[in-house]
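The values are calculated or read from the model by the stated rules, or taken from the named source; none is laboratory data. All figures in this text were calculated on a predicted structure; none of them were measured in a lab. Positions of Cβ are generated from backbone atoms using ideal geometry, with glycine treated the same way; all protein chains shown enter the neighbour counts.
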Amino acid sequence: MLGMTDHPTHAYEALTPDVMLDALASTGLMGDGRLMALSSYENRVVQCHLDEAPDGVESPVVAKFYRPNRWSDEAIEEEHAFAWELADADVPMVAPLRLNDQTMHRFNGFRFSVSPRKGGRRPELDDWEVLEWIGRLMARLHNVGAARPFAHRPALNPMTFGHASKQALLDLQALPLDVESPWVAACDRALEVAEAAWHHFDGALIRLHGDCHPGNILWTPTHGPHFVDLDDARTGPAIQDLWMLLSGERLQQTQALSAVLDGYEQLRPFDRRELALIEPLRTLRMIHYSAWLARRWDDPAFQANFPWFGTADYWHGQVGLINDQIESMEKAPLQV
């Protein structure tokens, strides 16, 4: 079982506020010393007020310091290129600034990007007009995403999110011994059902936002929604960017999905066969989430914010949730 460490060695130990300000200065942006940490566990993201900046750059900006050893340079640059493709197609996406003719920068062993600060709040997902608007926006993102494939970013499928996550948890000895066997049994059965649904689907796989939960869609009263954070952009089925907008009981999910697709299909056709992937994708995300926490446990930010992870109660709960997901995957998919 994963244990706590008194003096962990982790990727961000050397990323002090002074290093962040010096990194900004290396791009020509002179911070005034005011830094505010923004919500992000995977990377370190800070809002920075500026004393000096080139023409066209407004204060404050947002600096994103990538977790070392997660993505290759090519994968990060591909994320940035996708963001700019979307922005150039007038899809409201916060794209990194081009500073000194590049979007990815290096300083003191860290790779980072700088983006304009765009405010907003989480969308009201119980408002059908908002859901329809988001559906249109998602269709525009997917029209760009379908234009060409990723070359350096992985696909989302039962192997990458399911089997690889299960193996990582076992290799890291993340599960208490008394829960490991029932969890493995539940996980194996869930992956079997998810793979069966996946193998029956032969529709298109496109470039996706990849992590389009409501927190990554910011809403403004005058301009509506815009996307942030393509850090998890991957190849997969279009429904991956839609199902996280759904919550509640089956009737509520059906009504919300209907509103989203009303907007989506104004600009792009939707393959109804993808509805059978909603519960398998939810299951894969659940397993992947546990593995993500385990892989990051040497980072004190994870130990402080997820203290319940790794406990027997957590893993017993996961066994129950995975078994619930098996039942959900075996039911008929949503119909819209």
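Table for the structure above
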read-out	value
Subset of segment 141-155 that is within 16 Å of the chain's Cα centre (by Cα) and surrounded by fewer than 22 Cβ atoms within 10 Å (Cβ to Cβ) - its residue that is modelled with the highest pLDDT	Ala155
Unique residue being out of contact with any Pro (no Cβ under 9 Å at 6 or more places or on another chain) and either of a type outside the set (Lys, Arg) or crowded, with 17+ Cβ neighbours inside 10 Å (or both) when the list is Pro123, Pro158, Pro176	Pro176
So Leu242, is it closer than 25 Å to Phe82 by Cβ and in contact with a Cys (Cβ under 8 Å, 6 or more places away or on another chain)	yes
Helices (runs of 4 or more DSSP H) lying entirely in segment 264-336 (those with 1 or more residues that are over 23 Å from the mean Cα position of the chain (by Cα))	312-330
Failed criterion for Trp243 (all others in (1) crowded, with 16+ Cβ neighbours inside 10 Å; (2) touching a residue at least 60 places away in the same chain (Cβ under 8 Å); (3) closer than 24 Å to Cys187 by Cα hold)	(2)
Thr222, sole failed condition from (1) among the β-branched types (Val, Ile, Thr); (2) crowded, with 20+ Cβ neighbours inside 10 Å; (3) farther than 23 Å from Glu79 by Cβ	(2)
Segment 268-321 - residue that is among the acidic types (Asp, Glu) and closer than 20 Å to Glu42 by Cβ and, of those, surrounded by the fewest Cβ atoms within 10 Å (Cβ to Cβ)	Asp298
Filtered residues of segment 7-25 (kept if surrounded by 15 or more Cβ atoms within 10 Å (Cβ to Cβ) and not aliphatic (A, V, I, L, M))	His10, Tyr12
Considering residues of segment 50-65 that are surrounded by 14 or more Cβ atoms within 10 Å (Cβ to Cβ) and over 27 Å from Asp232 (Cα atoms) only, the residue nearest to the chain's Cα centre (by Cα)	Leu50
Residue match in segment 44-63 (condition: part of a loop (DSSP other than H, G, I, E, B), modelled with pLDDT of 95 or more, among the charged types (D, E, K, R) and at negative phi)	no
